[in-house]
Amino acid sequence: MQPRRQPPPAPRSGPGNPRPTAPLLALLLLLAPVVAPAGSRGAEDPGQPQHAEVPRRLLQQAARAALHFFNFRAGSPSALRVLAEVQEGRAWINPKEGCKVDVVFSTEHYKPEEGEGHLGKCSARVFFKNQKPRPAINVTCTRLIEKKKRQQEDYLLYKQMKQLKNPLETVSIPDNHGHIDPSLRPIWDLAFLGSSYVMWQMTTQVSHYYLAQLTSVRQWKTNDDTIDFDYTVLLHELSTQEIIPCRIHLVWYPGKPLKVKYHCQELQTPEEASGTEEGSAVPTELSNF
């Protein structure tokens with residue numbers, strides 16, 4: 001396990017990144033198999049144990065996991081969302097199998113400068129299989145960014161990346177003061193997009209990650225039109241305050257499925273600590289990273 005380090009200041013804060021609290025979700029195994037909506041009590045059912053309230057932390061955990069998955073599947077740096085507010089939810093808890101959560105929440109644009117406020121509602125069903133990573137997720141969101149605008153913004157970012165004459169070899173984004181230079185914003189947004197897949201893969205019922213810093217980037221020249229680069233990020237795990245380095249390789253082209261391969265320095269089995277999606281192609285130079 002990596003030594004604990006003071007995380008660099010995040011580029012922004014908001015409802016999606018609350019102040020860390022001690023993990024209490026292990027207590028959920030003591031709850032009834034059926035749980036009523038947050039903040040309410042269900043009617044007594046003689047065939048089931050009495051209903052109990054859903055801890056808000058569990059609903060937030062499910063909403064964040066759903067957004068990691070949504071961002072990855074959208075494959076668009078211009079469509080990135082973060083959690084604004086959890087509105088309601090239900091949970092079913094089976095001590096032998098895990099926890100299933102239905103949650104409704106609002107989101108906001110990842111870039112605060114966009115000034116669009118809330119982007120509408122998302123509803124998701126999230127299944128945490130006990131303490132195993134990679135929850136199963138089904139998520140639907142409304143009020144998506146207008147397709148033409150998203151395509152234009154993605155293509156502009158794509159052109160900026162393709163026109164880099166001297167691809168960066170070493171960089172820290174944000175800097176030690178939490179600032180992201182506008183010229184580096186496309187790199188950060190793509191790193192956040194690829195990291196969404198990694199954070200979904202690593203999330204459990206009690207472990208939540210957010211991207212703290214991008215520490216290195218290397219862009220590869222390709223024979224096709226894709227953006228192809230590998231980078232190292234520091235992920236901050238909120239419940240333990242651990243900072244976890246992850247090496248990520250990303251292949252992206254606007255409108256196409258995102259391809260990701262990664263490896264994180266964690267005390268997990270190799271199967272749990274790395275993953276691929278959409279048949280990612282990784283240069284041979286990275287085969288042993």
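The values are calculated or read from the model by the stated rules, or taken from the named source; none is laboratory data. Remember, predicted model here, so these are calculated numbers, not experimental data. Positions of Cβ are generated from backbone atoms using ideal geometry, with glycine treated the same way; all protein chains shown enter the neighbour counts. For accessibility, only protein heavy atoms count, side chains too; no ligands or nucleic acids. Shrake-Rupley method; radii C 1.70, N 1.55, O 1.52, S 1.80 Å.
Flag set for residue 134, criterion: among the basic types (Lys, Arg), modelled with pLDDT of 85 or more and either in contact with a Phe, Trp or Tyr (Cβ under 6 Å, 6 or more places away or on another chain) or under 24 Å from residue 77 (Cα atoms) (or both). Considered as a group, the residues in the range 201-216 that are of a type in the set (A, V, I, L, M, F, W, C) and touching a helix residue (DSSP H, G or I) at 6+ places or on another chain (Cβ under 6 Å) include one that is nearest to residue 72 (Cα to Cα), and that residue is 211. Scanning for something modelled with pLDDT of 90 or more and farther than 17 Å from residue 260 by Cβ, does the range 184-199 turn up at least one residue? So far as the range 184-199 goes, no, none of its residues is modelled with pLDDT of 90 or more and farther than 17 Å from residue 260 by Cβ. Modelled with pLDDT of 95 or more and either of a type outside the set (Lys, Arg) or in a loop (DSSP other than H, G, I, E, B) (or both), is that true of residue 52? For residue 52, the condition - modelled with pLDDT of 95 or more and either of a type outside the set (Lys, Arg) or in a loop (DSSP other than H, G, I, E, B) (or both) - is not met.
When the range 177-220 is limited to residues that are open to solvent by 30 Å² or more (accessible area, probe 1.4 Å) and in a helix (DSSP H, G or I), the one that is nearest to residue 58 (Cα to Cα) turns out to be 185. Filtered by the rule that a residue be in a strand (DSSP E or B) and not polar (S, T, N, Q), the range 221-239 gives 227, 228, 229, 230, 231, 233, 234, 235, 236, 237.
I'd like the full set of residues that are assigned to a loop (DSSP other than H, G, I, E, B), touching a strand residue (DSSP E or B) at 6+ places or on another chain (Cβ under 8 Å) and at pLDDT below 90, limited to the range 158-176. 164, 167, 168, 169, 170, 171, 172 - these are the residues of the range 158-176 that are assigned to a loop (DSSP other than H, G, I, E, B), touching a strand residue (DSSP E or B) at 6+ places or on another chain (Cβ under 8 Å) and at pLDDT below 90.
When the range 88-97 is limited to residues that are closer than 21 Å to residue 200 by Cα and not acidic (Asp, Glu), the one that is modelled with the lowest pLDDT turns out to be 93. When 107, 140 are checked against the criterion of being assigned to a strand (DSSP E or B) and either at pLDDT 95 or above or buried (at least 21 other Cβ atoms within 10 Å of the Cβ) (or both), 107 stands alone in meeting it.
Whenever a residue of the range 176-189 is under 21 Å from residue 248 (Cβ atoms), its partners that are in a helix (DSSP H, G or I) and at pLDDT below 85, lying with C-beta atoms within less than 7 angstrom and at least six residues away or across chains, give the pairs 186/160; 186/161.
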